[in-house]
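Single-structure report; data block below.
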Amino acid sequence: MTDRSPSAAAVTRLADQVHGYVQPDGSWYINNCGFVDAGDHTVLVDTCSTERRTRALLAAVEGTTGRPVTTLVNTHHHGDHTNGNYLVEGATIIGHRKTRELMVAEGIQTFEGIFTGSDWGELRSRPPEVVFDDRLTVHAGDVTIELIHPGHAAHTTNDVLVWLPEQRVLYAGDLVFNGGSPFALMGSVAGWRKALDVVRELDPAVILPGHGPACGLDVVDRVDAYLAFVQKTAERGKAAGLAPLELAKDTDLGDFADLTEQERLPGNLHRAYAELDGAEWGAQIDLLAAVTDMVAFNGEPIRCFS
């Protein structure tokens with residue numbers, strides 16, 4: 001049985017001064033974080049979904065660096081990457097402008113009746129205080145950190161790539177899933193595929209995905225192939241007059257049958273259908289209908305181990 005407890009998380013060295021915090025097994029609300037140890041300046045990339053997971057993260061970071069976090073970067077607004085922000089006391093939080101806007105508008109989301117099994121603890125929303133639109137450079141000691149928004153919706157409308165050019169390490173946030181099904185419901189299937197070209201152009205030696213083990217560009221290609229599969233499946237379903245849930249139930253995942261969180265397929269198809277109907281990347285669609293179909297596809301509320 002997989003140990004998904006906070007104690008199963010591990011600090012992984014990605015390069016000199018550069019670390020990942022990898023939480024098995026990367027399923028719903030169990031994300032990865034990262035941190036840069038630059039002497040008096042510790043930069044943390046993302047927090048966790050729950051109080052206990054974030055407290056374990058911060059203990060691991062301080063145990064490695066010997067210092068508290070001074071700067072926190074959020075890769076997007078989803079709660080598994082931001083719910084613990086408020087616990088990083090004394091740090092300045094940086095994120096995309098839309099990350100702040102969405103966190104202010106939505107607060108803490110626990111999705112009762114959709115997910116079961118979460119131990120949230122005490123949570124308080126703390127959006128980024130420093131925001132940017134396209135690019136921002138952070139200098140942490142002698143480490144240069146480039147924050148890059150792909151310019152359009154992808155996994156969400158507000159994804160941020162955290163790129164360390166000298167170390168060639170990329171904290172990809174949820175633009176890369178390693179082992180789990182990509183989830184484009186709140187962004188764009190087509191836009192995500194284009195954003196992966198930005199990742200390829202950076203040519204990272206090491207990628208820390210938002211979920212799953214550290215990887216290389218081969219996993220980026222697999223994410224792209226899955227998204228292409230979603231697009232082709234949606235085209236087939238629209239031509240046959242099938243609703244997204246009907247189509248999902250009728251779809252053989254083939255090469256992607258080993259990916260976890262297969263209940264994301266109907267949600268992805270809702271987004272792909274909207275784009276086939278001419279919706280702009282990241283446009284508002286009926287999220288409730290899509291999530292209801294995901295739960296129906298799963299056959300019950302979705303088990304979460306956060």
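Which pairs have Cβ atoms under 6 Å, sit 6 or more apart or on different chains, and link a residue in segment 256-278 that is closer than 18 Å to residue 239 by Cα to one that is open to solvent by 20 Å² or more (accessible area, probe 1.4 Å) and hydrophobic (A, V, I, L, M, F, W, C)?
If the second residue must be open to solvent by 20 Å² or more (accessible area, probe 1.4 Å) and hydrophobic (A, V, I, L, M, F, W, C), the pairs left are 266/245; 266/297; 274/285; 275/190.
Name the pairs: first residue in segment 157-176 and over 15 Å from residue 46 (Cβ atoms), second residue among the small types (Gly, Ala, Ser), Cβ to Cβ under 6 Å, at least 6 apart or on different chains?
As it stands, the answer is 157/282; 167/15; 168/205, since those pairs meet every condition given.
Which of the residues that make up segment 56-71 are touching a helix residue (DSSP H, G or I) at 6+ places or on another chain (Cβ under 8 Å) and open to solvent by 20 Å² or more (accessible area, probe 1.4 Å)?
Passing the criteria: 56, 58, 68.
Pairs please, first residue from segment 184-200 and closer than 19 Å to residue 102 by Cα, second anywhere and surrounded by 22 or more Cβ atoms within 10 Å (Cβ to Cβ) and among the aromatic types (Phe, Trp, Tyr), Cβ atoms under 8 Å, 6+ apart in sequence or on different chains.
That search, which allows pairs on different chains as well, returns 184/192.
Could you please find all residues in segment 98-153 being more than 19 Å from the chain's Cα centre (by Cα) and of a type in the set (D, E, K, R)?
Selection gives 112, 119, 122, 124, 129, 142.
Residue-by-condition table, conditions (1) out of contact with any Ser or Thr (no Cβ under 8 Å at 6 or more places or on another chain); (2) over 30 Å from residue 18 (Cα atoms):
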{"site": "187", "(1), (2)": "no, no"}
{"site": "203", "(1), (2)": "yes, no"}
{"site": "214", "(1), (2)": "no, no"}
{"site": "217", "(1), (2)": "yes, no"}
{"site": "220", "(1), (2)": "yes, no"}
{"site": "223", "(1), (2)": "yes, no"}
{"site": "230", "(1), (2)": "yes, yes"}
{"site": "241", "(1), (2)": "yes, yes"}
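Which pairs turn up if I take residues in segment 102-116 that are at pLDDT 95 or above and look for partners that are among the small types (Gly, Ala, Ser) and open to solvent by less than 60 Å² (accessible area, probe 1.4 Å) with beta carbon separation below 7 Å, at least 6 apart in sequence or on another chain?
103/125; 107/125; 108/79; 108/125
Return the total of residues in segment 255-278 being closer than 25 Å to residue 2 by Cβ and open to solvent by 30 Å² or more (accessible area, probe 1.4 Å).
Adding up the residues that qualify gives 5.
Do you know which of the residues in segment 279-306 that are of a type in the set (Gly, Ala, Ser), part of a loop (DSSP other than H, G, I, E, B) and open to solvent by less than 60 Å² (accessible area, probe 1.4 Å) is nearest to residue 192 (Cα to Cα)?
It comes out as 282.
Tell me which residues, restricted to segment 179-213, are touching a His at 6+ places or on another chain (Cβ under 8 Å), within 13 Å of residue 268 (Cβ to Cβ) and assigned to a loop (DSSP other than H, G, I, E, B).
Across segment 179-213, the qualifying residues are 182, 183, 184, 185, 186, 187, 188.
Of all residues in segment 37-55, which are open to solvent by less than 30 Å² (accessible area, probe 1.4 Å) and touching a Pro at 6+ places or on another chain (Cβ under 6 Å)?
53
Within segment 88-156, which strands (runs of 3 or more DSSP E) (wholly inside it) include 3 or more residues that are open to solvent by 50 Å² or more (accessible area, probe 1.4 Å)?
135-140
Select, from 224, 252, 218, the only residue that is open to solvent by 20 Å² or more (accessible area, probe 1.4 Å), without any contact (Cβ under 8 Å) to a residue 60 or more places away in the chain and assigned to a loop (DSSP other than H, G, I, E, B). Steps first, please.
Working: 224 fails: assigned to a loop (DSSP other than H, G, I, E, B); 218 fails: assigned to a loop (DSSP other than H, G, I, E, B).
One residue alone meets the criteria, 252.
The values are calculated or read from the model by the stated rules, or taken from the named source; none is laboratory data. These numbers were taken from a predicted model, which means no experiment stands behind them. FYI the Cβ positions are ideal-geometry reconstructions off the backbone, even for glycines, and counts take in every protein chain you see. Accessible surface is based on the protein model in full, side chains and every heavy atom, while ligands, DNA and RNA are left aside. Shrake-Rupley method; radii C 1.70, N 1.55, O 1.52, S 1.80 Å.
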